[in-house]
Amino acid sequence: MSLHRRPLRVRALSAVPASMAVLAAAACSPGGSDEARVDPPPTPPAAVAGLCAALHEKLPETVAGLARTRTEPESDLTAAWGGSAIVLRCGIPKPRTMLDPKQEGVHVNGVAWLLEKLDDGSGGGFRFTTGMRLAYTEVQVDKEHATDAGMLVGLSTAITATVPEGISSY
């Protein structure tokens with residue numbers, strides 16, 4: 001069933017209902033789906049920024065069947081796929097929600113991810129944040145593409161290769 005749904009989801013991007021198109025346009029810069037407006041996190045310490053730059057080079061060209069999108073402004077701390085459907089920000093400060101023992105998480109290819117459901121008022125979907133790594137990385141996924149954690153496989157592989165395990169002091 002998932003093999004049948006993936007191509008349909010990719011094709012459905014061009015036939016997005018009007019309300020979703022408005023939201024997508026607001027999230028992207030004037031270049032449309034060829035680029036995504038992604039605010040980089042506050043400037044992290046140099047060691048963290050170096051890990052993020054290494055991660056940026058190893059990120060996959062496709063995630064969940066969506067092609068990598070140029071981000072505006074360009075930064076080694078950000079990446080996007082499918083316009084703003086999937087957005088990555090590396091070098092974020094430690095999220096306060098990491099301290100909540102009731103938060104849910106998933107492990108994908110050796111990477112622990114904090115899982116947060118986003119409210120419908122902010123577009124829905126999920127935010128996944130790495131834990132137990134020397135640089136915190138968050139991935140925000142829109143409601144349409146947040147069907148399972150499978151889209152984290154390629155991202156986890158890149159993180160495992162570039163961001164060592166440990167506790168970030170940032």
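Which shape class, rounded, prolate or oblate, goes with the range 55-126 when its Cα gyration tensor gives a ≥ b ≥ c as root eigenvalues, a/c under 1.5 marks rounded, and past that a/b bigger than b/c marks prolate? Because a/c hits 1.5 or more and a/b exceeds b/c, the range 55-126 counts as prolate.
Take the Cα radius of gyration of the range 23-170 and divide it by 2.2 N^0.38 Å, with N its residue count; two decimals is plenty.
0.96
Note on residue 117: aspartates and glutamates with a C-alpha under 14 Å away, same-chain residues under 8 apart excluded, are 104, 138, 142, 144, 148.
Values in this text are rule-based calculations from the coordinates and carry no lab data. Nothing here was measured: the structure is a model prediction, and the numbers come from that model.
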